[in-house]
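The values are calculated or read from the model by the stated rules, or taken from the named source; none is laboratory data. Just so it is clear, the model here is predicted, and its values are computed rather than measured. Neighbour counts are summed over all protein chains in view; Cβ atoms, including those assigned to glycine, are modelled from backbone coordinates with ideal geometry.
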Ligand code: TRP
């Protein structure tokens, strides 16, 4: 079976953008691939972070992933820093990566603008660690959103460079894009993100979600109830495509275009479908929170399974670059 690797930052508060864009896709893949999913805490420290809440954010993130179905019987789930070989391989990749390539990365330039006071080397090096995450498992596929395509492209280049220089070692992994629509934040303009204050949290109570949906941006061309709407310009319709059944999506589209329903009516249908899907996840999170060892045990065994894989690969890598000392062990 082909192997898949992907990672998620331990932001703590997972929103429906993360869920639709990544997690739900990850769950779909577990039957067809050998899946390895990682909470990337070492990536999270490239921007200013709160050390005191890090463990909680890591565990909260893992809890949600498990509640969505990413349990140890179906995939490997682990925390990046529990497998330190990732950072070791990143160092080796550093030494075959031209500085200019990293400086050109879109995410680096964007984050550099957002965090002007803290443009650290780790932020620049972020894609190298990501390449190490993927290649250390010789993964064939990487399920990510569009914003990560450039990083996977970069990862392929790292593999190519390493292979050319030291002999064939790594496959070039391919992006697996989810077919799910890209939902925007409640402002209808920006990507859903905590820093934009436009999120709908996966674990928010239903009433809070309804309050946010009620005021969420819709089609900007529809001023009055009697105006026909334009679903293609409406983020609420995109959310329908993510949460509603095909026939309801069609009905909603037609009713919107003919002004058969108003925006509130449309949002009510969406709300019902959204809660139908995320309600059971919320229940599962509550259950799991009652037995935290379920999560810590999964992460512990996940890291152990990873260590078996990366031990062999790192031996091969160290050997190829000439730093493996056979006499050390004896
Ligand atoms: N950079 C990814 C993101 O922000 C997270 C990530 C880290 C990742 N390492 C990875 C994704 C390896 C895929 C593969 O979404």
Practice item. Tally the residues that are outside any helix (DSSP H, G or I) and within 23 Å of residue 129 (Cα to Cα), restricting the search to segment 46-91. Key: 12
Review point. For the subset of segment 26-45 comprising residues that are near the ligand (Cβ under 10 Å from one of its atoms) and outside any helix (DSSP H, G or I), which member is farthest from the chain's Cα centre (by Cα)?
Key: 36
Review point. If you go through segment 113-150 one residue at a time, how many are at pLDDT 95 or above, within 12 Å of the ligand (Cβ to nearest atom) and not in a helix (DSSP H, G or I)?
Key: 7
Review point. Given 23, 4, 8, which one is within 14 Å of the chain's Cα centre (by Cα), within 12 Å of the ligand (Cβ to nearest atom) and surrounded by fewer than 22 Cβ atoms within 10 Å (Cβ to Cβ)?
Key: 8
Review point. In the list 179, 138, 214, 191, which residue meets the criterion of being closer than 20 Å to residue 243 by Cβ and in contact with a strand residue (DSSP E or B) (Cβ under 9 Å, 6 or more places away or on another chain)?
Key: 191
Review point. Just one of 156, 160 is crowded, with 18+ Cβ neighbours inside 10 Å, under 24 Å from residue 89 (Cα atoms) and either without any contact (Cβ under 8 Å) to a residue 60 or more places away in the chain or more than 10 Å from the ligand (Cβ to nearest atom) (or both); which is it?
Key: 156
Check your understanding: Could you give every pair whose Cβ atoms fall below 7 Å, whose first residue belongs to segment 112-132 and is more than 22 Å from residue 195 (Cα to Cα) and in the same structural domain as residue 102 (by TED's automatic domain parsing), and whose second residue is outside any helix (DSSP H, G or I) and more than 15 Å from the ligand (Cβ to nearest atom), counting only separations of at least 6 or pairs across chains?
Key -> 128/97
Practice item. Go over the candidates 42, 37, 19 one by one and state the one that is closer than 19 Å to residue 309 by Cα and not assigned by TED's automatic domain parsing to the domain that holds residue 276. Key: 37
